[in-house]
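A.B. asks: Handing you a structure now.
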Amino acid sequence: MALLNPAVLLQHNLIKLPAVITRYTPDLVLEQLIAVGLNHLMATEIAQGELDFLQRKMATVNITDLNFCFSTTLLGNKIHVRVPAREAQVTLRTDQQALLEMLHAEIDPDTLFFQRRLLITGDTELGLELKNLIDRLELADRIPSALMKLISGIHSRQQQLAAEQAD
């Protein structure tokens, strides 16, 4: 029996990593990870008041293919996250592929919205403000390089699988 190359094995299973993390990581840990990450990535926007529209308003992000939702709000100068999601004024619903495409600047939120790959339900005005904020941010430049490399690996593997399925 031939031994599998660990790098090849990792590459083939990399696409499953987000689902494993969101399924098996305790909610409290996910809350802290997401909150710390969002507060770090958006520190400038928080300090400049660009997220004030979210002050004491709850927004839910639903990543459908991961069967994962979280809610977020701004309280004072800090983003707070709740897992599982709480009742919210607005919900943004999309899938992992669309998020990765936005992160890699391959598609913008407006295009996803008009393709119905980014759905906004509830308070439309609040949802559009969130969508526009996402559109303005260049998060890929702010994410630590090691994490961005992992995210890019997941995205590349998704693209490979999509190309193989198209053939």
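A.B. asks: May I ask you to say which residue of ASP52, ASP110, ASP95, ASP123 is modelled with pLDDT under 95 and surrounded by fewer than 19 Cβ atoms within 10 Å (Cβ to Cβ)?
C.D. replies: It is ASP110.
A.B. asks: Scan ASP65, ASP123 and give me the residue that is more than 17 Å from LEU28 (Cα to Cα) and either basic (Lys, Arg) or touching a helix residue (DSSP H, G or I) at 6+ places or on another chain (Cβ under 6 Å) (or both).
C.D. replies: Selected residue: ASP65, the only one of ASP65, ASP123 that is more than 17 Å from LEU28 (Cα to Cα) and either basic (Lys, Arg) or touching a helix residue (DSSP H, G or I) at 6+ places or on another chain (Cβ under 6 Å) (or both).
A.B. asks: What's the number of the condition ASN39 fails, among (1) at pLDDT 90 or above; (2) exposed (fewer than 13 other Cβ atoms within 10 Å of the Cβ); (3) part of a helix (DSSP H, G or I)?
C.D. replies: It fails just one condition, (2).
A.B. asks: Hey, another quick one. Do you know which residues across segment 142-167 are within 19 Å of THR44 (Cβ to Cβ) and surrounded by 13 or more Cβ atoms within 10 Å (Cβ to Cβ)?
C.D. replies: Result: ARG142, ILE143, MET148.
A.B. asks: Do the conditions hold for LEU28, that is, is it at pLDDT 95 or above, within 18 Å of LEU99 (Cα to Cα), assigned to a helix (DSSP H, G or I) and not aromatic (Phe, Trp, Tyr)? It would help to see each step written out before you state the result.
C.D. replies: Details: at pLDDT 95 or above: yes; within 18 Å of LEU99 (Cα to Cα): no; assigned to a helix (DSSP H, G or I): yes; not aromatic (Phe, Trp, Tyr): yes.
So LEU28 fails the test.
A.B. asks: Moving on. Suppose we filter LEU100, LEU139 for residues that are among the hydrophobic types (A, V, I, L, M, F, W, C), out of contact with any strand residue (DSSP E or B) (no Cβ under 9 Å at 6 or more places or on another chain) and surrounded by 19 or more Cβ atoms within 10 Å (Cβ to Cβ); which single one remains?
C.D. replies: Among LEU100, LEU139, only LEU100 is among the hydrophobic types (A, V, I, L, M, F, W, C), out of contact with any strand residue (DSSP E or B) (no Cβ under 9 Å at 6 or more places or on another chain) and surrounded by 19 or more Cβ atoms within 10 Å (Cβ to Cβ).
The values are calculated or read from the model by the stated rules, or taken from the named source; none is laboratory data. This one's a predicted model, so the numbers in the text were calculated from it and none came from an experiment. Cβ coordinates were reconstructed from backbone atoms using ideal geometry, including for glycine residues, and neighbour counts include every protein chain displayed.
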